[in-house]
1. Compare B:L73, B:L165, B:L121 in a GNM of chain B, Cα atoms joined below 10 Å, and give the one with the largest fluctuation.
2. From the helices alone, meaning DSSP H stretches of at least four residues, give me the mean residue ellipticity at 222 nm for chain B, per-run term -39500 (n - 2.57), in deg cm²/dmol to the nearest 500.
3. Is the C-alpha gyration tensor of region A:152-193 telling us rounded, prolate or oblate? Criteria: a/c under 1.5 is rounded; beyond that, a/b larger than b/c is prolate, otherwise oblate.
4. Consider just the alpha-carbon atoms of region B:305-381 and return their Rg together with their Dmax, both in angstrom.
5. If you project the alpha carbons of region A:14-113 onto the principal axes, what extent comes out on each, in Å, largest first?
6. Let a ≥ b ≥ c be the square roots of the eigenvalues of the Cα gyration tensor of region B:198-280; is it rounded (a/c under 1.5), or, if not, prolate (a/b larger than b/c) or oblate?
7. Scan around B:L243 for amide H atoms under 5 Å from its own, H built in the peptide plane at 1.01 Å from N, and keep only partners 5 or more places away or cross-chain.
8. On alpha carbon coordinates alone, what is the Rg over Rh value for region A:270-345, Rh being the Kirkwood radius?
Amino acid sequence: MKNFNFINPTKENLIPNLYIGIFLVAISLIDVFINSFLKVNLTSFLPLVLSVFLPFVFGMIGLHLIRIEYSGIKKLDNLNKNINTNNFNAALTLIILFIIIKAIPPVFSWMILDANISGDTKDACTGSGACWTYIKIWLKRFMYGMYPNEQIWRVNLAFIFLIALAFVGYFTTSKFKKFLTLYYVVIYPIIAFFLIYYLISGGALGLEWVETGAWGGLSLTFIVSFFSLIFCFPLGMALALGRRTELPIVKYVSVGFIEFWRGVPLITVLFMSSVMFPMFLPQDFFMDKLVRVIIAISLFEAAYVAEVIRGGLQALPRGQYDASKSLGMGYWKMHIFVILPQALKLVIPGIANTFLALVKDTPLIFVVGLAEIVGMLQMAKTNPKWLGFAMEGYVFSAIIFFIICYAMSKYSYNLELKYKTDR
Amino acid sequence: MKLKKILPQAITLLVVVIIFGFFSLNAQINMANRGIDFGYGFLTQESSFDVQFSLIEYSGSDSYARAYLVGLLNTLLVSILGIILCTVIGVVIGIARLSPNFLIRTTAAWYVEFFRNIPLLLQIFFWYYAALRALPLPQEAEPMLGYFFLTIKGFYTPSLVWMNLDIFIYSIIAAIVSIIFIRIHGKKLRENEGKHIPVLNISITILFILPLLTFFFGGVEVGYETPVLKQLAKTSFIFDGGLSIPPELLSLVIALSLYTATFIAECVRAGIQGVGKGQREAAASIGLNRKQVLNLIIMPQALRIIIPPTTNQYLNLTKNSSLAAAIAYPDLVLVFAGTALMQTGKAIEIVSITMLTYLTLSLSISLLMNWYNAKIAIVEK
């Protein structure tokens, strides 16, 4: 063992160090693995403290031994560079690996192995794991709220139409391309409104009337965020332009509006819309709860959109304004054709964040008594036949929200790349 | 040309006036019809409702104004605890996202993606209704480190019992004031005469010595009280004594700080990445050591990028703390805009006071931030 230098592994004594190091790391990982998956403690004959820390000590020594600079083996160098640069990093690496190995079996068995999905009642859930039967039975309520079961096709149909109409942009010929903006900003929202009004709400064309109080679940999340999105964007744009004008009254009204809505929490805005707003309307004038909520959320988010767009407007160099003015463009021409297209492109990430915040804020409509998916969970949780399944419900809706929001953020990232131009 | 400037302004003004006029007219008619009179006199009336958790002494015989104060203090408590915790987590995660270690980097990135993309309300519900409900009952709770108990009814820790606490607090204030003076003096010496005095060491010494002296000369004494299990009925136990943190507060602080920490982590990451690589290299090439590079070159520039968005996140946290109403933690919204509004029916007054409170909080913080921004902004010559 002339070549074996334990303290300072270098390229000269590569092979023994490498083998011993890999062996030790493997032992430590296998020990934790067996401990976690098979619930057998290999080192149980040792005192408790030693038995707990032994894998860690073995792993540290092993990682120290394989930390050989410029070894010439590409994989080893990459490994060292990425997870094993020094002792501190090696310790963190081991801790994270141990936690992952330890956490997989309980989570896995709770979600899949010990879980139940068959049956129709609570008694079907016999395992110690999750009770997906609960989600299965309540799925319609989580998706559609208290909407009558035999009418659910109307909600589905409306959403299918809406999605289909949203893809019109991909199929238009170049002749109609110039009308696309008009279509998305004006025509599409109007179609959407009538679709939802006549199909989901009903009351005409031989369809049964379903009041908005019965709407709920994930479909309500979509409806509220869809309309709030559509309304808050133009309003926010107008406010951002208003804040940047030289006309003092317009400017201060915009500033006041923006600062007011940005300064208060959404929950108080919704409180206002439900208890204070009716006082401000004529006595026999009735406005639906859902409409009030959508107006409240739109006004609230418009202030945030305005601030994001203002950031984009400020980031544009003065030259852009001067150049378009020197071409004889007026205020509106300049903004529509030169300033806004560039400014909006700059603030795509910010706008996406605001829209994400909007989607994540929709559960707050529970304040006014509307139950979207989180609200439905709270209702289902207190049902005496299905007590004690809060965890399953939260995990389920967390997964749904995560998918929606993650997809949105990835989409915005793609948009950002697509419209990125070098300046 | 003049008309072009006046017309839009006149229209804006007209719209604002019409909307406000319409609303106030309707409000007057509605209130007259329902027999409600407008006024803030109710604030001095007896509130006659109880609050679960309060920092100041409060009972049903106190006024609505005091109930408002209770709610406000509870909101501030959650916000301050949340801000401290989310800063710690956020900075750690933000630095971890830049780690050379692949595993740490990925774990931190997934933490951010995961907690950022789930609605805060859902997270609060999760901690309150699912995670903390799985804790043991008080009689079955195992003590942690001997004196701490984490139970379904809350978190119990020993509390400190102070004698002459006011003297102790005054001594800390005095220490801080003298440290500020020493720092100013030290800066002056350094800039004018090039002398270095060990400001940090002196500050730490003062901060410890001055409060310590009060124990010997000021009559300050400190003891501690541990929580003790007490039986109320046959199967009902509670912990008595010590400091108890209700589960509502616990779940609210955990959820708020885990959620906001993701945003702060992104701010920290952006700030550190925003300092150009050339800065670090230039600093190293003029012979500064690692610590000096970090303290004198990187951090001052990174902080300039980090602090404005982070303050925004603190504001968001404070506003988000109003979600407390969903799990019945008695914050401003629940106590005042909830219970007090139900009892008095004074919707306009109460909602306006609540909104005004939040507005004052956020506007004052943003003013402070603007002042700070102006102070640290790069002065270009």
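Coordinate-derived values only; no laboratory data. Keep in mind that what you see is a predicted model, and the values were worked out from it rather than measured. Heads up, the Cβs are rebuilt from the backbone with ideal geometry, glycines too, and the neighbour counts pull from every protein chain shown.
1. Maximum among the listed residues: B:L165.
2. It lands at -20500 deg cm²/dmol.
3. oblate
4. Here Rg and the maximum Cα pair distance are 16.9, 61 Å.
5. Here the spans come out as 44, 32, 21 Å, largest first.
6. On the way: a/c = 6.29, a/b = 1.29, b/c = 4.87.
Judged from the Cα gyration tensor, region B:198-280 comes out oblate (a/c at least 1.5, b/c at or above a/b).
7. For B:L243, the qualifying residues are B:T157, B:S159.
8. Value, to two decimals: 1.26.
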